[in-house]
Amino acid sequence: MSPQNEQWSSRYGFVLATIGGAVGLGNIWRFSYVAGENGGAAFLFIYLACVFLIGVPLMIAELAIGRRAQGDAISAFETTGKTSRWRGIGWLGIVTAVLLLSYYAVIAGWALRYAVGAVTGTLWRAAQANYGGYFKQFVSQPVDPLIWQGAILAITIFIVSSGVRQGIERLNRLVVPVLAVLIIVLAGYSLSLPGSGAGVRFFLAPDWDALRNPEVYAAALGQAFFTLSLGMAFFVTYGSYMPRTFSVPASAMIVALGDTLFAIISGLAIFPAVFALGGNPAAGPELAFVTLPQVFLKMPAGVFVGSVFLLLLAAAAITSMVALIEIPVSAMIRRTSLSRRGATIVMGGSVFVLGIPSALGYGVLSHVRIGSHGILDAIDFGVSSFLLPVAGVLTALYVGWRLNRTMILNETDFGTRRIGVVWLWLIRILVPVAILGIFIRTLWAS
Ligand code: PFF
């Protein structure tokens, strides 16, 4: 049994912490540009299918084995199956989380830098009409991006050192409700701008032709994994601090719905404003840092709205970084003699060093190209298009075929209910086949 401070204090605290771990840069920065690049509404449709038919069943599987094992990501794949042959999936999750965190911290650092600049006013004064140049100048410096990457990691280390209940849960209880209110207010404001209808149509009116494009499926699946935090042993880890009395399927459904609503409402905050004020919705990764500040400057009360948006982006990034670092930290505490504080500092330091190439990839190291990608882009591509789907397939196969059927139906709280059988067959067949199908199709096309 975990010590007191290493368990969620209530169902509410657990759900908020888990939503905080799921809602992050992926919902605001990544979702908006990936949706923008892939035709908006057509993408949205496939994305929703991926979330509810592939994402939720996998989330249930991860939570169930985490809660059952009450241990770290590695032991969850050992103790539940009575063989250690599958524990590599746990290792894969941990390695992927560390890799993802290495570049996530860089982008989160940009968000923090922009948020601080917006509040103090330097952002608005320095940039005026030229945000493209401003962004390029900032990300290409040799030291500045590292300072902000280090700063946001330091905040993360401070919170995670304070423990599951006192640190992680407390942060999310404070931040997640505020995020929810702010994003709804921002969307309302954006929708009220004259000319916002075109943005709503771009985002919500389906373009069925796009369904014929295989790239849209791969982008939607990658985004679903990224935004729901799947394939990284995140739910295994947070599930291990979950008492038996919390329902697994209900928790998974609430988290998936919360995360999806957050992404859609972010889209409704971003696209109507971009269209109303003449920005480019398919600007790519620069959307949040170049296009949006330009849009804010043209809005009534834009400096205030823009500051709120950027603070929101930084806060959402921090709750996700906390979740990401907790995955290896939880394994280190349970497997080594390090204290929580020691493990968090060691991990935070390692992630910082590992992220340096990504942070410098727009300046000093901009000549390094991997295929057509820069360093950060290449790692993101490898993680979201390769490592996450592979971990997803392996988890589905392990839970669906390797574990005892009665045991896993009990552990997921489905028991003998018929919906449990539906879940089991989704995990056994649909989830692995759909992921592999999209995966092979993408490899074929590239
Ligand atoms: N889901 C987060 C986002 O959308 O930004 C990213 C993430 C957080 C992935 C935590 C994995 C994780 F364990």
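A few comments on the model shown:
- Using the Cβ-Cβ distance between Val185 and Thr83 with R0 set to 41 Å, the FRET efficiency from 1/(1 + (r/R0)^6) comes to roughly 0.20.
- Förster radius 22 Å - calculated FRET efficiency between Met253 and Arg441 (Cβ-Cβ, nearest 0.05): 0.15
- Part-to-part distance (alpha-carbon centres) for the range 303-368 and the range 393-409, which is given in Å: 32
- Residue order by solvent-accessible surface for Trp401, Trp86 is Trp401, Trp86, largest first, with ligands and nucleic acids left out and a 1.4 Å probe.
- Linear extension gain, Val422 paired with Arg201, 0.36 nm per residue minus alpha-carbon span: 76.1 nm
- Charge tally in the Cβ shell below 11 Å around Arg85, where Lys, Arg are +1 and Asp, Glu are -1, Arg85 excluded: +2
- Which of Phe309, Phe304 is most accessible, then next, and so on - probe 1.4 Å: Phe304, Phe309
- Calculated SAXS-style log₁₀ I(q)/I(0) at q = 0.13, 0.14 Å⁻¹ - the chain, Debye, Cα scatterers: -1.16, -1.35
- Mean accessible surface per residue for the range 237-373, computed with a 1.4 Å probe while every protein chain stays in place, in Å²: 35
- Helix-derived mean residue ellipticity, 222 nm - over the chain, DSSP H n ≥ 4, -39500 (n - 2.57), to 500: -22000 deg cm²/dmol
- Solvent-accessible area, 1.4 Å probe, carbon plus sulfur percent, for the chain: 68
- Helix 248-276 vs. the chain, principal-axis angle (Cα, 0 to 90°, nearest 10): 10
- Listed residues Ala301, Ala180, Ala219, most fluctuating in the chain (Gaussian network, C-alpha, under 10 Å): Ala301
- Within the assembled protein chains, the solvent-accessible surface assigned to Val98 is about 20 Å², based on a 1.4 Å probe.
- For the range 142-241, the Cα-based Rg and Dmax, in that order, read 19.4, 50 Å.
- Accessible-area value, Asp380, 1.4 Å probe, nucleic acids and ligands omitted, Å²: 10
- With θ taken as phi - 60° and the Karplus curve 6.51 cos²θ - 1.76 cosθ + 1.60 applied, the whole-hertz 3J(HN,Hα) list for the range 318-333 is 5, 5, 7, 5, 4, 5, 5, 6, 5, 4, x, 4, 4, 5, 5, 5 Hz, x standing for glycine and proline.
- Potential lengthening of the chain between Ile147 and Trp401 amounts to 86.7 nm, from the contour at 0.36 nm per residue minus the alpha-carbon distance.
- Paired Rg and Dmax values of the range 74-123, which use every Cα atom, in angstrom: 18.9, 58
- With all protein chains modelled, accessible area of Arg405 [1.4 Å, Å²]: 100
- Principal-axis tilt of helix 431-445 within the chain, Cα atoms, nearest 10 degrees: 50
- Euclidean distance of C-alpha centroids, the range 170-206 and the range 84-134, integer Å: 21
The values are calculated or read from the model by the stated rules, or taken from the named source; none is laboratory data. Everything quoted here is computed from the prediction, not taken from an experiment. Reconstructed Cβ throughout: ideal geometry from the backbone, glycine too, with neighbour counts over all protein chains shown. Surface accessibility is based on the protein's heavy atoms, side chains included, excluding ligands, DNA and RNA. Shrake-Rupley method; radii C 1.70, N 1.55, O 1.52, S 1.80 Å.
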